[in-house]
Amino acid sequence: MRYSVMHNGIPVGFVELESGELVAGRLAPLPAIDSLRTTLRAGSEALLAFGFFGAATDAGRNGSGSALRAAAALRFDLYDDRDELVPTTFVNVIDAPDGGLVVLARFGHAHSAVGALVRPTPQADSGNEQLPGNEDSRRA
């Protein structure tokens, strides 16, 4: 399915993502992403140098912590073809070693028989606060 990738309400590209909970796809970038490329590149280099788990444990020792924090602070959202916000746990954009940009996302799912009445909040507007009873949902 094709999604619009938004940063602070501004479209930065489009991505085709397969169904699944954890998905990745190549970003077809729009010019609006250009101002984010330096931060994305530095964060991606730090992440890819040590792997996902290694980056978390070695960030303080190897000096990559500030690059990872800056990249993690960039909030992205996915919108479907009806311009509806898609619930996600996180949406990250990684600068791949070949120069392309890759979207990595985890879709959020309602685990109830009745759909929620509240619309999802764009991650750009939500900050990092935890809701009571939802301590396990972390945003990247």
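The values are calculated or read from the model by the stated rules, or taken from the named source; none is laboratory data. Fair warning: this is a prediction, and the values are worked out from it, not measured in the lab. Note that we place each Cβ from the backbone using ideal geometry, even for glycine, and neighbour counts take in every protein chain shown.
Scanning the stretch 1-44 for residues that are without any contact (Cβ under 8 Å) to a residue 40 or more places away in the chain and among the hydrophobic types (A, V, I, L, M, F, W, C) yields a count of 6. Can you tell me how many residues within the stretch 46-70 are surrounded by 16 or more Cβ atoms within 10 Å (Cβ to Cβ) and either under 28 Å from E18 (Cβ atoms) or at pLDDT 95 or above (or both)? The number of residues fulfilling the criteria is 5. Just one of the numbered conditions (1) touching a Ser or Thr at 6+ places or on another chain (Cβ under 9 Å); (2) within 23 Å of S35 (Cα to Cα) is not true of D80: (2). Among the numbered conditions (1) within 18 Å of M1 (Cβ to Cβ); (2) at pLDDT below 95, the only one that V103 does not meet is (2).
Being modelled with pLDDT of 90 or more and farther than 27 Å from E18 by Cβ holds for only one residue in A73, A96, and it is A73.
Please report, ordered by residue number, the strands (runs of 3 or more DSSP E) entirely within the stretch 1-102 with at least 3 residues that are of a type in the set (S, T, N, Q).
Because the criterion is at least 3 residues that are of a type in the set (S, T, N, Q), the strands (runs of 3 or more DSSP E) in the stretch 1-102 that meet it are 88-95.
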